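The values are calculated or read from the model by the stated rules, or taken from the named source; none is laboratory data. Quick caveat: nothing in here was measured; it's all calculated off a predicted structure. Don't worry about glycine lacking a Cβ; one is built from the backbone with ideal geometry, like all the others, and counts go over all protein chains shown.
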């Protein structure tokens, strides 16, 4: 469960535990935003285990010669190999003042020693477990409306869940659209009227063209979608889904079956061929950059920025540029 964090109370160590990507991304964005509130120029390093060595981690967690503040986000910390994990285990015992370290851990048995070391060192813990029951997803929907100062009826929340499915990003995007397009308490009739799925389909078209490196077509689709009134959050959600699929294919371990790979990518097995085609030309570094772009754009579209259309256009350009990055 996320807890509020302001710029005066950012701890030097934060552990985000769980496997729900939306909640994890929100928790990371909350920490970064809290630091940026006092230091807009803070240097943010958002890293995956495949990108780091022991030397790289020593570099980014060492004191700055000029006192510059840094945020170091280490995702999938449970996948660190022995030497990098050792660097972080030693670091959490004596963190430096100008570095805010955020460890993202799936919460299972893998890499548990590192998780325990950080918690024993006094790390602030944020739990981001994936909702597994319908009642938990209903509670999430109501929470989204509460955050916006709005209410949704029980039958409307159930109707929304039935229409969208179990993916939390899609649920959150649909909630944001309803909040933007309605007034007062949202009922089942409003859900039926505003949730059609057409916007999501064209959002995925924008995302597909972007990850395929087809910039002109992606921008054309984006501008058309916004012109006909598509909610920007749906486009962001589609971009996030496309980049997540790329990450699974590009960084997948050899020996995984088709069904296992499809499960990780959260797509039906028949769509793997499309994902593999889209993944051509992508590198782990490029995918990591695209993931950072999507996370930043999500925050901008949901209120951190003044112009969602500009944020989305920049995101498409940067995602296309990340393709082929070495």
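Cβ contacts < 7 Å: first residue more than 20 Å from residue 163 (Cβ to Cβ), restricted to segment 194-223; second residue in a helix (DSSP H, G or I) and modelled with pLDDT under 85, any location; separation 6+ or different chain. Result?
206/225; 221/202
Matching residues to (1) surrounded by fewer than 17 Cβ atoms within 10 Å (Cβ to Cβ); (2) out of contact with any strand residue (DSSP E or B) (no Cβ under 6 Å at 6 or more places or on another chain):
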position	(1), (2)
28	no, no
44	no, no
53	yes, yes
57	no, yes
65	yes, yes
70	no, no
88	no, yes
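Inside segment 176-207, can you point out the residues that are at pLDDT 90 or above and assigned to a helix (DSSP H, G or I)? Full working, then the answer.
Taking segment 176-207 as the starting set, the residues that turn out to be at pLDDT 90 or above are 184-187, 206-207.
Passing the criteria: 206, 207.
So how many residues does segment 239-293 have that are in a helix (DSSP H, G or I), farther than 19 Å from residue 167 by Cβ and modelled with pLDDT under 85?
5
Outside the structural domain of residue 30 (by TED's automatic domain parsing), surrounded by 16 or more Cβ atoms within 10 Å (Cβ to Cβ) and either in a loop (DSSP other than H, G, I, E, B) or in contact with a helix residue (DSSP H, G or I) (Cβ under 6 Å, 6 or more places away or on another chain) (or both), is that true of residue 117?
Considered against the rule, which asks whether it is outside the structural domain of residue 30 (by TED's automatic domain parsing), surrounded by 16 or more Cβ atoms within 10 Å (Cβ to Cβ) and either in a loop (DSSP other than H, G, I, E, B) or in contact with a helix residue (DSSP H, G or I) (Cβ under 6 Å, 6 or more places away or on another chain) (or both), residue 117 comes out as no.
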